[in-house]
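A.B. asks: Handing you this structure, nothing more for now.
The values are calculated or read from the model by the stated rules, or taken from the named source; none is laboratory data. A quick note: this is a predicted structure, and the numbers were derived from the prediction, not measured. With ideal geometry, Cβ positions are generated from the backbone for all residues, glycine too; neighbour counts draw on all protein chains shown. For the accessible areas, the whole protein counts, side chains as well, though only heavy atoms, and no ligand, DNA or RNA atoms are used. Shrake-Rupley method; radii C 1.70, N 1.55, O 1.52, S 1.80 Å.
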2 protein chains.
Amino acid sequence: MDSLAQTIKQHKNATVPASRPIPVLEIFGPTVQGEGMVVGRKTMFVRTAGCDYRCAWCDSAFTWDGSAKDDIRLLSAEHIMAELDQLGQDSYDHVTISGGNPALLPQLAELIDQLHAAGKKVALETQGSKWQDWFLAIDDLTISPKPPSSQMETAWDRLDDIVAKLEAKRSRFCMKVVVFDEADLAYAKQVHRRYPHAPFYVQAGNDQLAEQDAERLLPHLLSRYQWLIDQTMDDAELKSVYVLPQLHTWVWGNKKGV
Amino acid sequence: MDSLAQTIKQHKNATVPASRPIPVLEIFGPTVQGEGMVVGRKTMFVRTAGCDYRCAWCDSAFTWDGSAKDDIRLLSAEHIMAELDQLGQDSYDHVTISGGNPALLPQLAELIDQLHAAGKKVALETQGSKWQDWFLAIDDLTISPKPPSSQMETAWDRLDDIVAKLEAKRSRFCMKVVVFDEADLAYAKQVHRRYPHAPFYVQAGNDQLAEQDAERLLPHLLSRYQWLIDQTMDDAELKSVYVLPQLHTWVWGNKKGV
């Protein structure tokens, strides 16, 4: 690097702390994406720590409830890249960043840049409570506001602002709502009415997070998916809709890191 | 319609037999698309009769083996539209045309036009043995060449020509290969190498078409899907790949019309 570039980089680092380390709880893969807009896609996962929400049914509560605080590693983008390459070798070209809420981390910009420079596509899911400029660089962005069963409140103004920015830039994104009950479904329809142009996904929620036996879990998840199909098929408000399960829970149950 | 338009329409019908009836075996829905590039999408299905292939494991052999020949109805596009509306009322905006091989039917152009005029999106799956100009009008087109286990021969020149035409027009399409065994997987990789820019799907095949008990079928299909995941995850030739089951067989088994 020549000295001018070095000076620019140092200056940039001084004003925008792009090299701040990233709090990471899990790096795993390659595996299949089990849900949403790229369901089935071969991908690697990076799970960041920390969340501004406390969803009642969160399937990754260890990212925010303190139970895994000793497992959080503060990693540079370079370190994450190296670990992904070690795990995925030459057999992946897609990385999914999940949380927690990765939108709390401005420093993800550097990781996203490095992934793109290495020819990888990047997917990311967030609840839509906070904007980051790097949203516009994500290849498969999922905004997943949380329904009443989560016991969280949606900040509609902030969500409106995020969707407006993404639509103005014609970013590839979708809206996804996890549905456990009728009230959640009403909320999902509210989201779809509010953002009618965004591809729209509803996903059957997993309400048996403590079940350790995948074979016992499967019939229950199947019946929850069937319920959601029944609820949505005759609904004229949900025409342009994708109804999906979490495939990974059907295959691996509640096991982590797959 | 004024007389000039009528004259033009009559003339058009005389040279291009767009009003030839369509041989139809099933019209059903709304339901979820269980496989491929729009898995989960709420859709209606129109299944046409007749196929140029005789795949050993065809899950819709009644479309070509004569067993349902008395159920074939020769329907106009208008009639199909009316039947879709009767079934789906105001709650659908997506129609999937399947077969058999719908690419045998030039007269589908009129149905596709009428669906688009009514604001519906159109998906269609075909094996890629025959071109139709209306391929370019399909919103979600799946080209699914058949692997060795089907006992069919792929006409690569014809497939090359189809993919080249679709890519030249930047049509939205994907390649999908159903995989039952190692030889099929080798074939799938050949397809992906040959058309590296097309979104690529592999799908676990269902080799228990006679099983009537959905609960007995499910663990078997699950293990076939897991096998396919295991085969593909560490494969550097299959980076940009979607690995999916047939969701509808997990939910409804081998039941028809869902």
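A.B. asks: Once you list every other residue whose beta carbon is under 11 Å from the beta carbon of B:S149, what net charge do they have if Lys and Arg are +1 and Asp and Glu are -1?
C.D. replies: Net charge around B:S149: -3.
A.B. asks: Okay, moving on. Need one value for B:27-35: mean number of C-beta atoms belonging to other chains within 10 Å of its residues' C-beta atoms.
C.D. replies: Shielding by partners across B:27-35 averages 3.
A.B. asks: Another question about this same structure. Please give the Cα centre distance for region B:202-258 versus region A:190-215, rounded to the nearest Å.
C.D. replies: 22 Å
A.B. asks: How far is B:L136 from the same spot in each other copy, in nm, shortest first, if each label point sits 7 Å from Cα toward Cβ?
C.D. replies: 3.4
A.B. asks: Among B:G205, B:G36, B:G119, determine the one that fluctuates most according to a GNM of chain B built with springs between C-alpha atoms less than 10 Å apart.
C.D. replies: Maximum fluctuation in the GNM of chain B, among the listed residues, is at B:G119.
A.B. asks: Which far-off residues, 5 or more places away or on another chain, put their amide H under 5 Å from the one on B:K121, with H placed in the peptide plane?
C.D. replies: B:H94, B:V95
A.B. asks: Taking the full set of protein chains and a 1.4 angstrom probe, give the accessible area of A:L228 in square angstrom, rounded to the nearest 10.
C.D. replies: Per-residue accessible area (A:L228): approximately 0 Å².
A.B. asks: List the aspartates and glutamates whose Cα sits under 17 Å from the Cα of B:K189, skipping any in the same chain fewer than 8 residues away.
C.D. replies: Output for B:K189: A:D90, A:D93, B:E153, B:D160, B:D181, B:D230, B:D234, B:D235, B:E237.
A.B. asks: Please report the relative contact order for chain A, taking Cα pairs under 8 Å with a sequence separation of at least 6, and give it as a percent rounded to a whole number.
C.D. replies: Result for chain A is 18 percent.
A.B. asks: Given the rotation relating B and A, tell me which residue in B puts its Cβ closest to the axis and the distance in Å.
C.D. replies: Residue plus distance in Å, as requested: B:V39, 3.
A.B. asks: At A:E153, label 7 Å along Cα→Cβ: distances to the other copies, nm, ascending?
C.D. replies: Result, one decimal in nm: 7.1.
A.B. asks: Of the cross-linked pairs B:K42/B:K256; B:K130/B:K165; A:K69/A:K146; A:K169/A:K239; A:K130/A:K169; A:K121/B:K239, which ones have a Cα-Cα span greater than 21 Å in the structure shown?
C.D. replies: Those over the limit are A:K69/A:K146; A:K169/A:K239.
A.B. asks: In nm, to one decimal, how far is the modelled label at A:D235 from the one at B:V258, with both set 7 Å along Cα→Cβ?
C.D. replies: 2.0 nm
A.B. asks: For region A:115-258, what does the relative contact order come out to in percent, with C-alpha contacts under 8 Å and a separation of six or more?
C.D. replies: Dividing the mean separation by the residue count of region A:115-258 yields 19 percent.
A.B. asks: Shape of region B:33-172 from its Cα gyration tensor (a ≥ b ≥ c, root eigenvalues): rounded if a/c is under 1.5, otherwise prolate when a/b > b/c, or oblate?
C.D. replies: oblate
A.B. asks: Once phi is turned into θ = phi - 60°, what whole-Hz ³J(HN,Hα) does the Karplus curve with 6.51, -1.76 and 1.60 give for every residue of region B:208-225, x standing for Gly and Pro?
C.D. replies: After applying 6.51 cos²θ - 1.76 cosθ + 1.60, I find 10, 6, 8, 5, 8, 9, 4, 5, 6, 5, 4, x, 5, 4, 4, 5, 5, 5 Hz.
A.B. asks: Here's another thing I want to ask about it. Within a 10 angstrom radius of each residue's Cβ in B:118-126, how many Cβ atoms of other chains show up on average? Whole number is fine.
C.D. replies: 0
A.B. asks: Here's something else I'd like to know. In whole Hz and in residue order, list the ³J(HN,Hα) couplings for region A:88-100 that follow from phi through the Karplus curve 6.51 cos²θ - 1.76 cosθ + 1.60, θ = phi - 60°; x for Gly and Pro.
C.D. replies: Using θ = phi - 60°, the values come out as x, 6, 9, 10, 9, 9, 8, 10, 9, 9, 9, x, x Hz.
A.B. asks: Taking a ≥ b ≥ c as the square roots of the eigenvalues of the Cα gyration tensor of region A:101-258, is the shape rounded (a/c under 1.5), prolate (a/b larger than b/c) or oblate?
C.D. replies: oblate
A.B. asks: Taking each residue of B:137-150 in turn, how many C-beta atoms of other protein chains fall within 10 Å of its C-beta, and what is the average?
C.D. replies: If you average over the peptide's residues, the count of other-chain Cβ atoms is 0.
A.B. asks: Let me ask something additional. What whole-number value in Å² describes the accessible area per residue of region B:103-258 for a 1.4 Å probe?
C.D. replies: 42 Å²
A.B. asks: A further question on this structure: Accessible area, 1.4 Å probe, largest first: how do A:E83, A:E78, B:E153 sort?
C.D. replies: B:E153, A:E78, A:E83
A.B. asks: Carbon and sulfur together cover what percent of the accessible area of region A:58-157 at a 1.4 Å probe radius?
C.D. replies: C and S fraction of accessible area: 48 percent.
A.B. asks: Moving on to the next point. What are the residues whose amide H is under 5 Å from the amide H of B:K176, where those residues sit 5 or more places off or on another chain and H is modelled from the backbone?
C.D. replies: Under 5 Å from the amide H of B:K176: B:I143, B:S144, B:Y201.
A.B. asks: In whole Hz and in residue order, list the ³J(HN,Hα) couplings for region A:70-80 that follow from phi through the Karplus curve 6.51 cos²θ - 1.76 cosθ + 1.60, θ = phi - 60°; x for Gly and Pro.
C.D. replies: After applying 6.51 cos²θ - 1.76 cosθ + 1.60, I find 6, 8, 5, 10, 8, 10, 7, 4, 4, 5, 4 Hz.
A.B. asks: Give me the distance in nm between label points sitting 7 Å out from Cα along the Cα-to-Cβ direction at A:L87 and A:Q226, one decimal.
C.D. replies: 3.5 nm
A.B. asks: With the label 7 angstrom out along Cα to Cβ, how close does A:A118 come to the same site in each of the other copies, in nm, nearest first?
C.D. replies: 5.0
A.B. asks: Do any cysteines in chain A lack another Cys Cβ under 4.7 Å, and if so which?
C.D. replies: Lacking a cysteine Cβ partner under 4.7 Å: A:C51, A:C174.
A.B. asks: Can I ask one more? Round to a whole angstrom and tell me the spacing of the C-alpha centers of region A:56-105 and region B:38-52.
C.D. replies: Rounded to whole Å, the Cα centres lie 39 Å apart.
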